[in-house]
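Asks: I'd like to ask you about the structure that follows.
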Amino acid sequence: MSVPGSLSPEVAELASRKNLGRLEHTFLPRKEVDVQEKRSGLLIAAYLAAIACLATGGILLWLFVDRVLALFPLLVAVGMGVLYDGPLFPAKPGGQCLYLFEKGLLMDRGAGQLFAVSWDQAVHYQATVTQTISYMGRHMTSSTFHTSTLVAPSGATVKISNTFAADFRTWMPLIAEAIGRAQAQKAWDAVQEGRKTPYGPFELDATGITATRKGTLPWPMVEAIDVHAGVVVVRQYGRRKAWAQAEVKTVPNLLVFLTVALNLCGR
């Protein structure tokens, strides 16, 4: 899940220069989140133990030694209690961060390396690999690996994997949907105006879908376009075998492609 975070001056300046708008989500590296949670738990436990020891010592001094001496540990314990959950425990993400803004994405890769792209210009490739274990005829998912590759108009790229930022099911749909909202209407208008729109191994236009080495299949002959097991499958009416197929990872801006193509099927 996304976590709150403050922007470094460099990140804030680049986001402003790129006109990315309001910050909506911040994702930390998975390992950093785990380490921060463990350290936070240990620090809080030690902090509370220190408060308890000081308070107990103060009470014992008050009862058996000297009330004036007892004031010092008691006041320190009270002061520590006031600081708890305050400035001693700020939630500040460090190192690499993934920031999703209203109008674009910014990736801080650390060491001053920043990548930024607006949603209306981003090219997004996604690849998901699921490993399964077969046991006594049953298939069980053992692990899933995902990588999103984003390309800016300048050609700069950045890769974000589920080993980096939390569960990819949290941040990847946000990226795909934001690009879809920003680009689907423009892609639809291009098709309606008679222009071809390329999506890796496929091309779309008002007459049909074109696949590499397969030619063009007119829209009235397209039965379905499905995504199954990491593959985009185009099916033709009257044929059991797929007319064309391509791996999802080769199709840029998959959600935009599917939005336009599915609205043209059967026309």
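Asks: Criterion first (at pLDDT 90 or above, in a strand (DSSP E or B) and not charged (D, E, K, R)) does residue 175 satisfy it? Before the answer, list the steps.
Replies: Working: at pLDDT 90 or above: yes; in a strand (DSSP E or B): no; not charged (D, E, K, R): yes.
No, not satisfied.
Asks: Now a separate question. Across region 94-124, which residue is farthest from residue 17 (Cα to Cα) among those that are part of a strand (DSSP E or B) and not hydrophobic (A, V, I, L, M, F, W, C)? Before you say what the answer is, go through the steps one by one.
Replies: Taking region 94-124 and keeping what is part of a strand (DSSP E or B), we get 97-101, 104-108, 114-118, 123-124.
Now drop any that are not not hydrophobic (A, V, I, L, M, F, W, C), which leaves 99, 104, 108, 118, 124.
On the way: 99: 15, 104: 12, 108: 15, 118: 11, 124: 22 Å.
Per the criteria, the residue is 124.
Asks: Please indicate, with yes or no, whether at least one residue in region 161-169 is in a strand (DSSP E or B) and farther than 27 Å from residue 121 by Cβ. Explain how you work it out, then say what you get.
Replies: From region 161-169, those in a strand (DSSP E or B) are 161, 165; that's our starting set.
With the extra rule that they be farther than 27 Å from residue 121 by Cβ, the set shrinks to none.
So far as region 161-169 goes, no, none of its residues is in a strand (DSSP E or B) and farther than 27 Å from residue 121 by Cβ.
This table checks each residue for (1) within 27 Å of residue 103 (Cβ to Cβ); (2) in contact (Cβ under 8 Å) with a residue 12 or more places away in the chain.
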{"residue": "177", "(1), (2)": "yes, yes"}
{"residue": "180", "(1), (2)": "yes, yes"}
{"residue": "192", "(1), (2)": "yes, yes"}
{"residue": "196", "(1), (2)": "no, yes"}
{"residue": "199", "(1), (2)": "yes, yes"}
{"residue": "214", "(1), (2)": "no, yes"}
{"residue": "217", "(1), (2)": "no, yes"}
{"residue": "222", "(1), (2)": "no, yes"}
{"residue": "226", "(1), (2)": "no, no"}
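Asks: Has region 206-219 got any residue that is within 30 Å of residue 105 (Cα to Cα) and either assigned to a loop (DSSP other than H, G, I, E, B) or not acidic (Asp, Glu) (or both)?
Replies: Residues of region 206-219 within 30 Å of residue 105 (Cα to Cα): none.
No, region 206-219 contains no residue that is within 30 Å of residue 105 (Cα to Cα) and either assigned to a loop (DSSP other than H, G, I, E, B) or not acidic (Asp, Glu) (or both).
Asks: Would you mind stating whether residue 237 is crowded, with 18+ Cβ neighbours inside 10 Å and hydroxyl-bearing (Ser, Thr, Tyr)? Lay out the reasoning, then the answer.
Replies: On the way: crowded, with 18+ Cβ neighbours inside 10 Å: no; hydroxyl-bearing (Ser, Thr, Tyr): yes.
When the stated conditions are applied, residue 237 does not pass them.
Asks: Additional query: Condition first: in a helix (DSSP H, G or I) and aromatic (Phe, Trp, Tyr). Can you find one or more residues in region 190-205 that meet it? Working first, answer last.
Replies: Going residue by residue through region 190-205, those that are in a helix (DSSP H, G or I) are 190-192.
Checking the rest, the ones that are also aromatic (Phe, Trp, Tyr) come to none.
Looking for residues that are in a helix (DSSP H, G or I) and aromatic (Phe, Trp, Tyr), one finds none in region 190-205, hence no.
The values are calculated or read from the model by the stated rules, or taken from the named source; none is laboratory data. Everything numeric here is computed off the predicted structure, so don't read it as measured data. Neighbour counts are summed over all protein chains in view; Cβ atoms, including those assigned to glycine, are modelled from backbone coordinates with ideal geometry.
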